[in-house]
Amino acid sequence: MSDFRFGTKLEDRSQEQYREPPMYRVILLNDDYTTMDFVVKVIRQVFHHSSEEAVKIMFDVHKKGKGLVGCYSQDIAVTKQRQVLVMAKSEEFPLRCEIEPDL
Ligand code: TYC
């Protein structure tokens, strides 16, 4: 494979090549109107958690106000956030979903 970054020292190049992409947390927020069943469905379908895990996450969000559903590279996190919001809108639920850098 050709490498046209001639000015870069070998050690620096390998560090660049193996650096992990920044990760983003996808967070669900509680509200008083979205049904528990719908939140569990979203967590299973979009984030591929088991039913048991989805119920645990839903109750955690319900009790604490917000909770982590997954951690992904930026484009995947944004796609999952959109999927959640599209599903919520289609059923007219006010479910909120945010993403934040995983520092
Ligand atoms: N608090 C909602 C209820 O009692 C359930 C709920 C859980 C809503 C998690 C949103 O992200 C959420 N129906």
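If r is the Cβ-Cβ distance from M23 to E92 and R0 is 30 Å, what FRET efficiency results, to the nearest 0.05? Mind showing how you got there, number by number?
Details: r = 32 Å, r/R0 = 1.06.
The computed FRET efficiency comes out at 0.40.
Which value results when the Cα radius of gyration for the stretch 33-101 is divided by 2.2 N^0.38 Å?
Details: Rg = 11.2 Å, N = 69, 2.2 N^0.38 = 11.0 Å.
Cα Rg divided by the expected 2.2 N^0.38 Å: 1.02.
With a 10 Å Cβ neighbour count serving as the proxy for reagent exposure, in which order, fewest first, do E91, E52 appear?
Working: E91 12, E52 8.
Ranking E91, E52 by Cβ neighbours within 10 Å, fewest first, gives E52, E91.
How would Y33, Y24, Y72 line up from fewest to most surrounding beta-carbon atoms within 10 angstrom? Could you put the intermediate results ahead of the total?
Values: Y33 9, Y24 22, Y72 19.
If I rank by nearby Cβ atoms, fewest first, I get Y33, Y72, Y24.
Taking the Cβ of each residue in I76, I57 as the centre, tally the other Cβ atoms inside 10 Å and list the residues starting with the fewest. Could you put the intermediate results ahead of the total?
Values: I76 15, I57 21.
The order, fewest Cβ neighbours first, is I76, I57.
How much length is gained if the chain between D102 and D31 is pulled fully straight, taking 0.36 nm per residue apart and subtracting their Cα-Cα distance, in nm to one decimal? If you can, show how the numbers build up before the last one.
Details: separation 71, 0.36 × 71 = 25.56 nm, distance 2.37 nm.
Length gained, D102 through D31: 23.2 nm.
Might you report the magnitude of the Cβ-based charge dipole of the stretch 33-101 about its Cα centre, with Lys and Arg at +1 and Asp and Glu at -1, to the nearest 20 debye?
80 debye
Every read-out reported here was derived from the displayed coordinates using simple, explicitly stated rules and does not represent laboratory data. All values derive from a computational prediction rather than experimental measurement. Heads up, the Cβs are rebuilt from the backbone with ideal geometry, glycines too, and the neighbour counts pull from every protein chain shown.
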